[in-house]
1. Within the set of pairs 6 or more residues apart or between chains, which connect a residue that is over 16 Å from Ile181 (Cβ atoms) and in contact (Cβ under 8 Å) with a residue 60 or more places away in the chain inside the stretch 121-144 to a residue that is crowded, with 20+ Cβ neighbours inside 10 Å and of a type in the set (S, T, N, Q) with Cβ atoms less than 6 Å apart?
2. Against the definition (assigned to a loop (DSSP other than H, G, I, E, B) and among the β-branched types (Val, Ile, Thr)), how does Thr182 come out, yes or no?
3. Looking at Thr184, is it out of contact with any strand residue (DSSP E or B) (no Cβ under 9 Å at 6 or more places or on another chain), in contact (Cβ under 8 Å) with a residue 24 or more places away in the chain and surrounded by fewer than 18 Cβ atoms within 10 Å (Cβ to Cβ)?
4. Of everything in the stretch 145-173, what is assigned to a loop (DSSP other than H, G, I, E, B) and surrounded by fewer than 18 Cβ atoms within 10 Å (Cβ to Cβ)? Give them in sequence order.
Amino acid sequence: MGLKSIATPLVCVLVFGVALSGCNRSLNSIAPSSSAPQRLPAAPVESVEAGQLPPPADQPMTTDQQAPMTPQVSQSGDQMASTETAPAPSGEPVSRESVSGAWIVGSDNPDCRMILAFTKWSGGYRAATKRCTSPEVSSVSVWDVQGQQVVLMDSSGNTIARLYNSGGERFDGTTNSGQPITFTR
C-alpha cells in the first residue's frame, strides 16, 4: 500500500471530524463550567397612582359634565356617530417632515400600517397601506399637511380622513364616515 492510499481516508476522516465539531453549539457541552450563570435581579416596579385628571387648560370641566359610560346605539343597532368635531390639536406644529414615515393605524386591525412617503404625488404626497382591513383606510393613497392637520385622500383626491397632532408621536382624527382613526409610532 502506498502513502497516497492511506492519506486519502485519513484526510476524509479529519475533514468530517472538523465539520462535525462545528455543529456543536458551545464549548460548555465539551467542558462544562463549575457553576451556572447567576440570574439577574428583577427590575423594581414603581407603584401606580390613580386619581382624577385636571381639565384641559382651555376647557374647564364642571362637576355635571361626565363622559357616557356606554356608547349610544341607534334603533338600527349601529353606533351613532358623535358630533363631528375635530379633536383638540396639541398646539405642536405639524410639518410634512415630522409626519412622513411609517405609522401604526390603531383604529384598524393591530397589523395595519400606513406609510406616508415624502414623494410628490397627485395632490400631495404618496401614501400606502399595509394589512389594513377597513376599505376606507385601505383606499388612502395620498396625504398632505394642511394647517395643523394631516389630510388623507384617495387616488381621486377625495378626503378620507383628517387627523390632528395629539402630542408626541400620536395623531387622532375621524374618517369621512365618522369612524375614529389613530396614528401612533
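1. none
2. no
3. For Thr184, the condition - out of contact with any strand residue (DSSP E or B) (no Cβ under 9 Å at 6 or more places or on another chain), in contact (Cβ under 8 Å) with a residue 24 or more places away in the chain and surrounded by fewer than 18 Cβ atoms within 10 Å (Cβ to Cβ) - is not met.
4. Result: Gly147, Gln148, Asp154, Ser155, Ser156, Gly157, Asn158, Gly167, Gly168, Glu169.
Any read-out appearing in this document is the output of simple, stated calculations on the displayed coordinates, not a laboratory observation. Since the model is a prediction, treat every value here as computed from it, not as a measurement. Glycine also receives a Cβ, built like all others from the backbone with ideal geometry; neighbour counts cover every protein chain displayed.
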